[in-house]
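Encoded as structure tokens, the structure appears first; notes follow it.
The values are calculated or read from the model by the stated rules, or taken from the named source; none is laboratory data. Since we're looking at a predicted model, the values are computed, not measured. FYI the Cβ positions are ideal-geometry reconstructions off the backbone, even for glycines, and counts take in every protein chain you see. Accessible surface areas use protein heavy atoms only, side chains included; no ligands, DNA or RNA. Shrake-Rupley method; radii C 1.70, N 1.55, O 1.52, S 1.80 Å.
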Amino acid sequence: MIKLTRVDYRLIHGQVAMSWTHALDVDCILCASDAVAKDDMRKAALRLARPNGVKLARPSGVKLVIKDVDAAIEALNSGVTDKYSLFIIVETIEDAYRLAKGCKDIKEINLGGTRKSPETTLHPTPAIFATETDAEHIQELVNDGVVIEIRQVPNDSKVLAKDVF
């Protein structure tokens, strides 16, 4: 069962490893990224950042799966991930859009942090930088019934993306 899909260019870090994983009570993190799936160094770094069982209710920690976006869509649609309480993390709004369009079980997306670049002309919150295409994708997903919210940590108040884009 998909608990949440989060856009965070940092992928796994303190907020994700502890706050979100604990609040969602997940047993598996799926990192869906074409770039990471091809980069052994980044995969190794994410494995080191994976939440272990020391501070979690799960003694064995949280399983980490790293796939490119198309393979993630295939796994989600095949049912192989159904046995997990799943937290999906992607780097970009584009990746979240592709996942949500390819997997109808994604009903909620959290925008946690996106990278600033010369192409990102929209800056609706301190941690969110987006392109016009990102904004169009967000609007399309909202029109499809996907709830898209912005917050850094679980205790923050939800800001609906439709109210700021």
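Numbers for the structure displayed
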quantity: Near pairs, Cβ below 9 angstrom, 6+ apart or cross-chain, from the range 63-82 (more than 18 Å from A37 (Cα to Cα)) to any residue that is basic (K, R) and open to solvent by 60 Å² or more (accessible area, probe 1.4 Å); calculated: N77/K104
quantity: Which listed residue is out of contact with any helix residue (DSSP H, G or I) (no Cβ under 9 Å at 6 or more places or on another chain) and modelled with pLDDT under 95, from V54, V62; calculated: V54
quantity: Cross-chain or 6+ apart pairs with Cβ under 8 Å, the range 147-165 first and in contact (Cβ under 8 Å) with a residue 60 or more places away in the chain, then open to solvent by less than 60 Å² (accessible area, probe 1.4 Å) and in a strand (DSSP E or B); calculated: Q152/G112; Q152/G113
quantity: Condition broken by R98, with the remaining ones in (1) touching a residue at least 40 places away in the same chain (Cβ under 8 Å); (2) touching a helix residue (DSSP H, G or I) at 6+ places or on another chain (Cβ under 8 Å) satisfied; calculated: (1)
